[in-house]
Amino acid sequence: MTKEESRIKQVRTMADYQFGKGCGNILFSGEITFKLSRTKRIRQIFSGGKRMATVRARDGMFTLSIEGASLIHSHLPIPGYRVMMCEDAIPFVSKGKTAFAKHVENIDPDLRAGDEVLLVDKQDNLIATGQLLLAPEEVLAMQNGPAVDVRVGVDSS
């Protein structure tokens, strides 16, 4: 097995662990390239020339680009990794602004604080991706404060 094949197997396995079985093949298919750190660790993964994910240095988990989030969104059934936002918050969240707890209408109960999540509207259209800051029960119980640190929205530039 070449070094490149080994890296592809590694990132697919990491994606399956983080998002569920089959997500590695969905997220990383076609021509896969890597951007490495100075110490030769994987930092960014590209598929078809587009960045799909970045590896967080502190824990080795993925942060998704909007393209990567879109692929995961199409693969996972509802409510998998989804945070449903109210209509009032969609214009702000889709531009990459923080998603506040009072604007969350529904959330996947299996999530944990720190998970990478998909923010959607009531029709399950992807509007953003980010990191969940609180446990699902806390998000639904709170009436103020941030719930998701949005990384990128569909209208971000």
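Which condition number does Ser74 fail, the rest of (1) more than 20 Å from Ile107 (Cα to Cα); (2) open to solvent by 40 Å² or more (accessible area, probe 1.4 Å) being met?
(1)
Please go through the stretch 1-47 and pick out each residue that is in a helix (DSSP H, G or I), charged (D, E, K, R) and either in contact (Cβ under 8 Å) with a residue 40 or more places away in the chain or over 26 Å from Ile78 (Cα atoms) (or both).
Lys3, Glu4, Glu5, Arg7, Lys9
Checking the condition free of Cβ contacts under 8 Å to residues at least 24 places away in the same chain and outside any helix (DSSP H, G or I), which residue from Ala57, Ala53, Ala89 passes?
Details: Ala53 fails: free of Cβ contacts under 8 Å to residues at least 24 places away in the same chain; Ala89 fails: outside any helix (DSSP H, G or I).
Within the list Ala57, Ala53, Ala89, the selection yields Ala57.
How many residues does the stretch 128-139 hold that are among the aliphatic types (A, V, I, L, M), open to solvent by 10 Å² or more (accessible area, probe 1.4 Å) and touching a helix residue (DSSP H, G or I) at 6+ places or on another chain (Cβ under 9 Å)?
2
Give the stretch 4-24 a look and list any residue that's within 12 Å of Val55 (Cα to Cα) and open to solvent by less than 40 Å² (accessible area, probe 1.4 Å), or say none.
Once the filter is applied, which keeps residues that are within 12 Å of Val55 (Cα to Cα) and open to solvent by less than 40 Å² (accessible area, probe 1.4 Å), the stretch 4-24 yields Val11, Ala15, Gln18.
I need the full set of residues from the stretch 103-143 which are over 26 Å from Asp59 (Cβ atoms) and either within 16 Å of the chain's Cα centre (by Cα) or hydrophobic (A, V, I, L, M, F, W, C) (or both), in order please.
Asp121, Asp124, Asn125, Ala141, listed by residue number.
The values are calculated or read from the model by the stated rules, or taken from the named source; none is laboratory data. Quantities reported herein were computed from a predicted structural model and do not represent experimental measurements. Every residue, glycine among them, receives a Cβ derived from its backbone with ideal geometry; neighbour counts consider all protein chains shown. Just the protein is used for accessible areas: all its heavy atoms, side chains included, with ligands, DNA and RNA removed. Shrake-Rupley method; radii C 1.70, N 1.55, O 1.52, S 1.80 Å.
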